[in-house]
Amino acid sequence: MTSTRPAQQPLKSLDDALAQLLGYAAVLGGVEQVSTFDADGRVLAQDLVSALQVPPQDNSSMDGYAVRCADLADPSLALPVSQRIPAGSAGTALAAMSVARIFTGAPIPAGADAVVMQEDCDVQVDDRVRIQTLPKLGQWIRRAGEDVTRGAVVLSKGERLTPAALGLAASIGMNQLTVAHRPKVALFSTGDELVMPGEVAPEQMAPGAIYNSNRFFLKALLTRLGCEVSDLGIVPDQRAATIDALRGAAAKHDLILTSGGVSVGEEDHIKPAVQSLGHLDLWQIAIKPGKPFAYGHLGLGAASPDGSGAGAHFIGLPGNPVSSFVTFLLLVRPFLLKLQGVPNVAIQSIALPANFTWARADKRREFLRVRRNTAGDLELFANQSSGVLTSAVWGDGLVDNPPGCTIAPGDVVRFIPFSELQA
Ligand code: AMP
Ligand code: MG
């Protein structure tokens with residue numbers, strides 16, 4: 001049996017692998033307009049410049065009375081209410097020696113310089129209002145433009161839109177946003193042992209058969225990243241059929257993602273099929289879990305200027321579920337964000353103390369499944385095997401442990417929360 005890779009291929013560092021991969025991720029051509037309602041998770045393809053200030057004018061942050069502080073020198077004096085200003089209406093200039101009834105969000109009338117909340121006012125039988133404590137100048141006034149000034153860039157090209165960002169875009173009047181195209185991703189699973197849940201009942205599974213779990217989390221992760229996913233199932237186990245399936249997928253997708261079949265020495269149909277349609281590099285990345293990884297490109301002739309017709313990227317993930325999951329988060333996720341025009345895809349880690357012992361140093365960089373306890377320390381999942389998907393569900397993130405390092409309780413380690421990686 002011959003192997004398609006040299007026997008002594010050196011391990012590639014994660015940083016080198018990521019840099020190389022991102023080098024291949026040319027931003028997809030073209031943009032589209034979507035309703036702001038539908039833009040969650042999409043990547044903005046334009047700077048959003050505000051044509052107005054937010055809030056548009058000084059307004060009250062309390063239900064109460066708008067006053068002139070200078071009129072309140074005598075605390076025994078009760079002042080008449082000269083106008084009523086609910087939110088959505090504009091009052092008139094505040095007459096001297098009077099107060100204005102005002103509600104949260106209503107514009108401050110000209111001449112008023114503070115708001116007194118209604119709890120601090122004494123409304124008398126004749127409806128005059130006595131202010132019990134002298135307000136500070138500017139009290140309970142939200143200033144015009146304190147959120148957004150006119151001409152400010154509130155969101156920049158390349159930013160990934162969050163729910164809060166959609167609200168901010170709406171606050172400057174944007175009902176449509178220009179965003180990057182969704183990457184089109186074809187997803188294949190490989191492995192003759194794989195059975196789809198629902199096709200065979202658990203008690204009827206043949207010896208050696210396992211359910212296809214990778215397909216489910218990969219599809220969900222891709223969808224969360226804004227991709228249009230074609231789930232193409234389990235790749236057929238004949239060479240010609242595999243080539244046909246990949247060629248068909250390459251014509252219509254930006255990325256073909258597979259799991260399984262990239263381990264050392266494995267004979268499968270994906271590798272020769274990709275090689276016959278383009279090129280394939282098999283990498284051994286110095287991380288644990290997740291060492292085997294493949295990047296390739298399926299050519300379809302000359303690229304057109306908008307990037308279409310340039311063929312498709314190919315990424316082959318390892319089959320072990322946790323390896324597949326972790327390599328997706330560390331490599332495929334930044335790749336897909338870069339395709340959509342996100343300029344900075346670096347993964348942020350947080351320094352947190354470990355509450356566990358990791359006695360066995362590995363020469364590879366490790367990504368341990370851990371979770372934060374209520375004290376903010378990290379607990380380790382007992383079984384760190386790359387096949388134990390429970391670890392990734394129990395955990396709420398990864399400890400990024402450098403090569404050759406052991407960990408003792410109290411050591412400060414680098415933690416990457418899943419909340420960041422799975423968003
Ligand atoms: P491979 O990378 O193909 O050598 O697979 C490594 C391990 O992962 C084997 O135990 C496979 O059975 C398992 N595996 C591969 N693909 C999947 C999948 N889609 N779902 C669950 N386990 C898988
Ligand atoms: Mg396999």
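As an exercise: evaluate residue 241 against (1) away from ligand 2 (no atom under 11 Å from the Cβ); (2) closer than 20 Å to residue 214 by Cβ; (3) of a type outside the set (Ser, Thr, Tyr); (4) at pLDDT below 90 and give the number of the one condition it does not meet.
All conditions pass for residue 241, except number (2).
For segment 205-216, state whether one or more residues are charged (D, E, K, R) and within 16 Å of ligand 2 (Cβ to nearest atom).
Within segment 205-216, one or more residues are charged (D, E, K, R) and within 16 Å of ligand 2 (Cβ to nearest atom).
Could you check residue 124 against (1) modelled with pLDDT under 95; (2) closer than 30 Å to residue 68 by Cα and say which number it fails?
So the condition that residue 124 fails would be (1).
Just one of 215, 247, 224 is more than 25 Å from the chain's Cα centre (by Cα) and at pLDDT 90 or above; which is it?
Answer to the check: 247.
Within segment 153-262, which helices (runs of 4 or more DSSP H) (wholly inside it) include 1 or more residues that are of a type in the set (D, E, K, R) and surrounded by fewer than 21 Cβ atoms within 10 Å (Cβ to Cβ)?
Once the helices (runs of 4 or more DSSP H) in segment 153-262 are filtered for at least 1 residues that are of a type in the set (D, E, K, R) and surrounded by fewer than 21 Cβ atoms within 10 Å (Cβ to Cβ), what remains is 214-224, 239-252.
Residue 23 - would you say it is part of a loop (DSSP other than H, G, I, E, B) and surrounded by fewer than 18 Cβ atoms within 10 Å (Cβ to Cβ)?
no
Do we find that residue 234 is of a type in the set (Val, Ile, Thr) and within 16 Å of ligand 2 (Cβ to nearest atom) in this structure?
yes
Which ones in segment 239-281 are within 12 Å of ligand 1 (Cβ to nearest atom) and without any contact (Cβ under 8 Å) to a residue 24 or more places away in the chain?
Residue satisfying the conditions is 266 alone.
Residues of segment 155-188 being of a type in the set (Val, Ile, Thr) and farther than 16 Å from residue 53 by Cα, which ones?
162, 178, 179, 185
The values are calculated or read from the model by the stated rules, or taken from the named source; none is laboratory data. All figures in this text were calculated on a predicted structure; none of them were measured in a lab. As a convention, Cβ positions derive from the backbone with ideal geometry for all residues, glycine included, and neighbour counts pool all protein chains shown.
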